[in-house]
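Asker: Right, I'll just put the structure down here and ask away after.
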Amino acid sequence: MINFERFTLPNGLVVLVNEDPGTPLVAMNVLYKVGARDEHEDKTGFAHLFEHLMFGGSANIPNYDEPLEKAGGENNAFTNNDITNYYLTIPAQNIETAFWLESDRMAGLAFSDHSLEVQRRVVVEEFKQNYLNYPYGDAWLLLKPLAYKVHPYRWNTIGKEVSHIENATMHDVRDFFGRFYHPLNAVLSVSGNVKTSQVRNLCEKWFGPIATGRAPARDYPAEPGQHEKRTRVVHRPVPGARLYKVYHCCARTDPEFHATDLLADILSKGHASRLHNSLVRNRQVFTEIHAYHSGDLDKGLLVFEGRLVDGVSMEDAEAALMQETAKLTHNAVPDAELTKAKQMAEAMEICSEIKNAHRALNLSFYEMLGDASQVNHVTERYNEVTGAQILEVAGQVLAEDNSSVLYYHPQHANGNTGQDQGAARKASA
Amino acid sequence: MQMETPDRTREPRVRPAPELRIQEPLVESLSGGAPLYVIPGGQQEVCRVELLFRAGTREDPNRLLAPAVSALLLNGTAQRTAEQIAERIEFFGASADCDSSAEYAAVSVVCLNKFLGEVVPVIAEAILGASIPERELELYITQSMQRQRVQNKKVGYVSRKLLHRALFGNDSPYGHYQSEEEYAALDRRMLAGFHKGNCRNLAGIIVSGKVADSEIELISRHLDGFGSVSTESVAAGNGHRPQPEKIRREWPDAMQTSLRLGLPLFDRRHPDFIPMKVLNCILGGYFGSRLMSNIREDKGYSYGIGSAVVPLSGTGFMYISTEVNKQSREDALNEIYAEIQELTDTRVGHEELDLVRNYMAGMLQRGFDGPFAAASAFRNVMLSGMDLSYYRDFMRGLMDATPGKLQELAGQYLQKESFWEVSVG
């Protein structure tokens, strides 16, 4: 249970406060409703590059990190398909430094050309480090455009290709800031050793004078229904084969989200889940296999990622996985198994409330979904799910025609490059 | 209410951290003699129970058995299979993680208070009766080998391995990395023997979270089958004293090069330990550090760079690590060494030192935020045979690290020729 208060500044900024006198710290979370789905298809990776630039200086503060560190604070940020989220923790006595820093960069950016140039290079190195230089790092670069043909989820947060980042201009950056970085498109939450009245005063002082903005249009093209299985085969210099299979499923805010999430948990959460027992332990098809809902705000994916035991063929591995998923489409989940999934969800939810930083993020996140108070009804939502709903979701989602599959093979030393139909990057032998 | 107009050009006044509030754990004793430390706190009806065993690689002359045994502690007894044990834990939403290091093996259970009575006895029974079934061992070997093959394709992992081996020697618990042959040769009878010798006695239990007497009583009662053992290891320390070397592995297809520099240092008890932590922080220990400002924020050679001072049992080391754009390897190395040399050549300014002290004091506070964090902070010192006064000493030590002292330490420890240098990619 997270007790909180909510108020809205005249400029439209929504603020949530959770008082916790038991900690010497304060966590602040600023969520901007902008992610990779808001990018132009020729300028992908921009929301994430922008996240880097937000540390490159604002109108009155040449460097964001230094004053925060001097005040004993620490921060980070992340970008995904839908949101860009900035968070910090700071000793409670220095909370005003956090308001000064976060309000100044909402009020206006002022970084230099040099900063833009350097961050372009840093993000290119991040791209290389996480997506190109490490084994299997490009799997999602290949999967997204296989699963999505129209919706902007067809590219990754890091971007479609390095050149999009290299070509970003100062004009692009200013335009992006104007559209998405303003009080109407943000949610601020504070959790820790504070009083709501104190936060209200500080908000009015520091965020109050910032000009409001216009809510950005959100008319993402809907992904049409998929009616045919899509596949892609690649060979890469990796030590073992992996199978990636994704199915279109509901959005984060759809009523069937919780049933879909429990379905994934029943399949793969923990060491006594169906896929682990059957395919890892007993049949020894995979050494590891995971299933999860992508959690996106628009229609998302139910994802399976499996690492094959050496010597098992891709066909046999996929067939074994399909036998397990077919059970869920044919037979209702036994009550005890559903109870277990719900109890796991409840424990997860309670554990996510332990840290102030998580509480602040949860409040911002649920407010962005529509109503912060829903953060206190998550366990109820899971407990309402019935076996019949899971059966229905499984029937709708787990159909072959609705799937996209990436067969990721090791490339053998004999030079067999297989039938790779031209990935964005040519992997060398 | 009167509206204040903010002066955005002036940063709000920074106030010093209040006295660090460190709660001493309550200490109880199990009937088998092991100490049970309780760190109460938090609002959520959940707690963490950590069982600590003196079953790390130090206790294992071959270095092979300890990680395998800790991974298989909950994977089967004569009466129950691994699936059955996992089911009885996960049904109640609890989770149990096993991990091991050079010094210790630990089983960490997170459980809603209302289910402690169901979960704790399952954990105790599984560990005490662990039979290391053949099927589970085979699965462990297959998984470990596959994971290692993937890791060996990563420049960062390989450079870490090469540095640790070079610093401590492949026979040392700190330098040993298992080969595929060693995995394949694991024998269940030897594992069972190591389990019998090392996993039936507890070196300690740490319970943290919203726990009252009734929960403590319940946990103690269900763990009464364990004996006790002191935290002091009988194993020999690390006698390895090699000469610095440069190790290079060229990977023609790699897009980035992992650079890892390191040198041996000392453990937490050494009088220079705390000021070295400060010196390290200035060099590469936080986002605003000199290395980060230079290599990432000024040059854009890398997504990130960092350095750390790592205390081990009776020894320790420092390392600097980054993955850089392949073309920039030599430039990055030159810049890293220039930053190291600068620490010897020029005294740190007071402004930078104040910032780093405040940052480190804030980190220390964060290390005690919430019962689980406080339990981890306690565990770190407890396993080194120290107590929480270490953290109060640390706060004082931050203030004693003067520019003159830091310059002296840089001259003493951080010379270019003292560093091992590994480059992969």
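Coordinate-derived values only; no laboratory data. Quick caveat, the model's predicted, so the values are computed rather than measured. Don't worry about glycine lacking a Cβ; one is built from the backbone with ideal geometry, like all the others, and counts go over all protein chains shown.
Asker: So what's the net charge close to B:Arg392: Lys and Arg +1, Asp and Glu -1, counting the other residues with Cβ under 12 Å from its Cβ?
Answerer: Every neighbour counted, the sum reads -2.
Asker: About its Cα centre, what dipole magnitude does chain A give when the only charges are +1 on Lys and Arg Cβ and -1 on Asp and Glu Cβ, stated in debye to the nearest 20?
Answerer: Charge dipole of chain A: 440 debye, to the nearest 20.
Asker: Go ahead and run the numbers for FRET between B:Leu26 and A:Ala77, Cβ-Cβ distance against an R0 of 45 Å, rounding to 0.05.
Answerer: Once the sixth-power term is evaluated, E becomes 0.70.
Asker: Let me ask another. Hey, can you grab everything whose amide H is under 5 Å from the amide H of B:Gly306? Only 5+ residues off in sequence or another chain; H modelled, so Pro and N-termini drop out.
Answerer: B:Ser321
Asker: Given the rule -39500 (n - 2.57) for each run of at least 4 DSSP H residues, summed and divided by the residues of chain A, what is its mean residue ellipticity at 222 nm, to the nearest 500 deg cm²/dmol?
Answerer: Dividing the helical sum by the residues of chain A leaves -11000 deg cm²/dmol.
Asker: Around A:Tyr148, under 11 Å between beta carbons, what's the net of Lys plus Arg minus Asp minus Glu among the other residues?
Answerer: +3
Asker: Right, here's the next one. Binned at 10 Å from 0, what are the whole-percent values of the Cα-Cα distance distribution for the protein assembly as shown, short to long?
Answerer: Binned Cα distances yield the sequence 2, 11, 19, 26, 25, 13, 2, 0.
Asker: Pop a pseudo-label 7 angstrom from the Cα along the beta-carbon direction at both A:Ser373 and A:Asp175 and give the gap in nm to one decimal.
Answerer: 4.2 nm
Asker: Place +1 on the Cβ of every Lys and Arg and -1 on the Cβ of every Asp and Glu in the protein assembly as shown, take the dipole about the Cα centre, and give the residue among A:Trp155, B:Gly285, A:Thr79 whose Cα lies farthest towards its positive end.
Answerer: With unit charges placed on the Cβ atoms, the residue in question is B:Gly285.
Asker: Taking the alpha-carbon distance from A:Lys342 and a cut-off under 26 Å, which lysines remain once sequence neighbours fewer than 8 residues away in the same chain are dropped?
Answerer: Result set, ordered by chain and number: A:Lys245, A:Lys269, A:Lys299, A:Lys327, A:Lys355, B:Lys114, B:Lys210.
Asker: Can you tell me the length gained on complete extension of the stretch B:Leu218 to B:Trp251, counting 0.36 nm per residue apart and subtracting the Cα distance?
Answerer: 6.3 nm
Asker: If you average the alpha carbon positions of the range A:143-213 and of the range A:51-108, how far apart do those two centres end up, in angstrom?
Answerer: The range A:143-213 and the range A:51-108 have Cα centres spaced 13 Å from each other.
Asker: Report the per residue volume, in Å³, of the convex hull enclosing the C-alpha atoms of chain A.
Answerer: 147 Å³
Asker: Can you give the Kirkwood hydrodynamic radius for the range A:123-227, in Å, rounded to one decimal and based on Cα pairs?
Answerer: Evaluated on the range A:123-227, it is 17.7 Å.
Asker: I would also like to ask the following. Can you show me the helix-derived [θ] at 222 nm for chain B, built from DSSP H runs with n ≥ 4 at -39,500 (n - 2.57) apiece and divided by the number of residues, rounded to the nearest 500.
Answerer: -12000 deg cm²/dmol
Asker: Now for a different question. If the only charges are +1 at each Lys and Arg Cβ and -1 at each Asp and Glu Cβ, what is the size of the charge dipole of the range A:230-410 around the Cα centre, to the nearest 20 debye?
Answerer: For this selection, approximately 620 debye.
Asker: Based on DSSP, what percent of beta bridges with both residues in chain A are antiparallel, to the nearest 5?
Answerer: DSSP beta bridges in chain A are roughly 80 percent antiparallel.
Asker: Largest first and in whole Å, give the semi-axes of the range B:1-113's equivalent ellipsoid, each being the square root of 5 times a Cα gyration tensor eigenvalue.
Answerer: In descending order, the three semi-axes are 43, 21, 18 Å.
Asker: I'd like the distance separating the alpha-carbon centroids of the range A:1-46 and the range B:1-78, in whole Å.
Answerer: Value for the Cα centre distance between the two parts: 28 Å.
Asker: For helix A:170-180, report the angle its Cα long axis makes with the longest principal axis of the Cα atoms of chain A; keep it between 0 and 90° and round to the nearest 10°.
Answerer: Helix A:170-180 sits at roughly 90 degrees to that axis.
Asker: Taking R0 as 30 Å, what's the FRET efficiency between B:Arg269 and B:Arg147 from their Cβ-Cβ distance, rounded to 0.05?
Answerer: About 0.30, to the nearest 0.05.
Asker: I'd like the orientation of helix A:95-107 relative to chain A: the angle between its Cα long axis and the longest Cα principal axis, in ° from 0 to 90, rounded to 10.
Answerer: 80 degrees
Asker: If you don't mind, there's one more thing I want to ask. Please check which bits of the range B:370-410 a label hung off B:Glu352 would reach, taking the label as a point 7 Å along Cα-to-C-beta and the cut-off as backbone N under 12 Å.
Answerer: B:403, B:407
Asker: Restricting things to alpha carbons, find the Rg to Rh ratio for the range A:230-410 using the Kirkwood radius for Rh.
Answerer: The Rg/Rh ratio comes out at 0.99.
Asker: Next up: In whole Hz and in residue order, list the ³J(HN,Hα) couplings for the range A:223-232 that follow from phi through the Karplus curve 6.51 cos²θ - 1.76 cosθ + 1.60, θ = phi - 60°; x for Gly and Pro.
Answerer: So the J values, rounded to whole Hz, are 6, x, x, 9, 10, 8, 4, 10, 9, 8.
Asker: To continue, here is another question. Considering only the protein assembly as shown, what is the antiparallel percent among its DSSP beta bridges, to the nearest 5?
Answerer: 80 percent
Asker: Follow-up question, since we're still on this one. Using the eigenvalues of the Cα gyration tensor, what equivalent ellipsoid semi-axes result for the range B:302-418 when each is taken as the square root of five times the eigenvalue, whole Å, largest first?
Answerer: 29, 19, 15
Asker: Pull up the DSSP beta bridges for the range A:230-410 and report the antiparallel fraction as a percent, rounded to 5.
Answerer: Once the DSSP bridges in the range A:230-410 are tallied, antiparallel ones form about 75 percent.
Asker: Taking Cα centroids, how far is the range A:237-272 from the range B:191-236 in Å?
Answerer: After rounding, the separation between the Cα centres reads 37 Å.
Asker: Moving on. Output the relative contact order of the range B:246-424, whole-number percent, from Cα pairs under 8 angstrom with separation of 6+ residues.
Answerer: Reported as a whole number, the value is 35 percent.
Asker: Continuing with this model, one more query. Give me a comma-separated list of calculated 3J(HN,Hα) values for the range A:324-335, in order, Karplus coefficients 6.51, -1.76, 1.60 applied at θ = phi - 60°, integers in Hz, x for any Gly or Pro.
Answerer: 5, 5, 4, 4, 6, 7, 9, 10, 5, 5, x, 3
Asker: Please report the net charge: other residues with Cβ closer than 12 Å to the Cβ of A:Gly213, K and R +1, D and E -1.
Answerer: Once positives and negatives cancel, what remains is +3.
Asker: Let me ask something else. If I fit a long axis through the Cα atoms of helix A:196-206 and take the longest principal axis of the Cα atoms of chain A, what angle between them do I get, 0 to 90°, rounded to 10?
Answerer: It works out to around 80 degrees.
Asker: Ok, one more. Please rank B:Cys111, B:Cys199, fewest neighbouring Cβ atoms within 10 Å first, as an exposure proxy.
Answerer: Arranged by neighbour count, lowest to highest, B:Cys111, B:Cys199 become B:Cys199, B:Cys111.
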